[in-house]
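Working notes, structure below.
The values are calculated or read from the model by the stated rules, or taken from the named source; none is laboratory data. Just so we're clear, the structure is a prediction, and the values are computed from it rather than from any experiment. Here the Cβ positions follow ideal geometry from the backbone for every residue, glycine too, while neighbour counts run over all protein chains shown.
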Amino acid sequence: MAGDESTDVTRALKQDLQTDALLGAKGVPVSSARIAELQAAGEQASEPGEARAQAQRGPGSEEKVEQLRALQEEHVRDCTVCHLSETRTQTVFGQGDPDARIVFVGEAPGFEEDRQGIAFVGRAGQLLTAMIERGMGLKREDVFICNVLKCRPPNNRTPSTDEIAACSPYLFQQLQIIQPEVIIALGAPAAQTLLNTRDSIGRLRGRFHDFYLSGAALMGPIVPLMPTYHPAYLLRSPGEKRKAWEDLKMVMERLGLPIPEQFR
Ligand code: URA
């Protein structure tokens, strides 16, 4: 997987930002009632992004809190569906606003995430936080951040197809509960899993794709999904940050968020 080390993250981040003006700048069954609800919303919503606005029949934020809690405590926390449960310290469900407009999806917990039980808190996580807060002008707690896998693969290796198949239903369920206005897929495994494609991240990034909230292509409401580079890759290839920033700006424009003067 994208390497995520637990070394001195603050120092590393500062160094990184100093050199970077840009950012200085078997899863869980989905109930048939829920699918019907999503389909009904989709029939009403002709344009991507309208799903949330029109899916007011979806759960309110208190319900979202409860549904996410139930998913975490009853399914994810003690999950033993795949063998990663044997090597993890704990599952990493993800965290943030259950009613977030934006959900960021990464690949899998790394060393620090496995230790703390929180997504994106290692070195890559520090960069993601800077992208959200210093770049997009949002607060980390106002978005939702999670991963395709809820358990750390040993030595941060790339998740296997079997592991993704076992774990991704949890992610789909999270997205169905939150119903964000935009999903940002960080890196190839997240983008490929959510879009059911093998295309490279270089080909996928830079434009919105349709993500079907029902989990089935062409069924139900669509959430626009922006693939972009994983922050761990950006740490290794800082020259690509400009492209990642272009991707984030497209998301901000779509959501009507103000773009800081220096990034226009
Ligand atoms: N990389 C990821 O993809 N997710 C994390 O939570 C941390 C690093």
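When you check A100 against the structure, is it of a type in the set (A, V, I, L, M), within 21 Å of E73 (Cβ to Cβ) and away from the ligand (no atom under 13 Å from the Cβ), yes or no? When the stated conditions are applied, A100 passes them. Summed over the stretch 223-242, residues that are touching a Gly at 6+ places or on another chain (Cβ under 7 Å) and part of a helix (DSSP H, G or I) total 2. Close Cβ contacts (under 7 Å, 6 or more residues apart or on different chains) running from residues in the stretch 86-109 that are of a type in the set (D, E) and assigned to a loop (DSSP other than H, G, I, E, B) to residues that are away from the ligand (no atom under 12 Å from the Cβ) and at pLDDT below 95 comprise D99/S61. Of G202, G220, all but one fail to be away from the ligand (no atom under 14 Å from the Cβ), in a loop (DSSP other than H, G, I, E, B), over 23 Å from D142 (Cα atoms) and among the small types (G, A, S); the exception is G220. Filtering the stretch 182-203 to residues that are over 17 Å from K241 (Cβ atoms) and surrounded by fewer than 20 Cβ atoms within 10 Å (Cβ to Cβ) leaves Q192, L195, N196, T197, R198, D199, S200, R203. Look through L255, L248 and report the one residue that is surrounded by fewer than 17 Cβ atoms within 10 Å (Cβ to Cβ), among the aliphatic types (A, V, I, L, M), over 23 Å from P153 (Cβ atoms) and touching a strand residue (DSSP E or B) at 6+ places or on another chain (Cβ under 9 Å). That would be L255, the only listed residue that is surrounded by fewer than 17 Cβ atoms within 10 Å (Cβ to Cβ), among the aliphatic types (A, V, I, L, M), over 23 Å from P153 (Cβ atoms) and touching a strand residue (DSSP E or B) at 6+ places or on another chain (Cβ under 9 Å). Being of a type in the set (A, V, I, L, M, F, W, C) and assigned to a strand (DSSP E or B) is the requirement here; does I177 meet it? Answer is no for this residue. Only one of the numbered conditions (1) within 11 Å of the ligand (Cβ to nearest atom); (2) in a loop (DSSP other than H, G, I, E, B); (3) in contact with a Lys or Arg (Cβ under 8 Å, 6 or more places away or on another chain) is violated by P159, and that is (3).
Here is a yes/no grid of residues against (1) within 17 Å of the chain's Cα centre (by Cα); (2) within 13 Å of the ligand (Cβ to nearest atom):
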residue: V76; (1), (2): yes, no
residue: V81; (1), (2): no, no
residue: G106; (1), (2): yes, yes
residue: F120; (1), (2): yes, yes
residue: P154; (1), (2): no, no
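When we screen P227, P260, P221 for residues that are at pLDDT below 95 and buried (at least 17 other Cβ atoms within 10 Å of the Cβ), the only hit is P221.
Each row is one residue, and each column tells you yes or no for (1) within 13 Å of the ligand (Cβ to nearest atom); (2) in contact with a helix residue (DSSP H, G or I) (Cβ under 6 Å, 6 or more places away or on another chain); (3) not β-branched (V, I, T).
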site	(1), (2), (3)
L149	yes, yes, yes
Q176	no, no, yes
E181	no, yes, yes
L194	no, no, yes
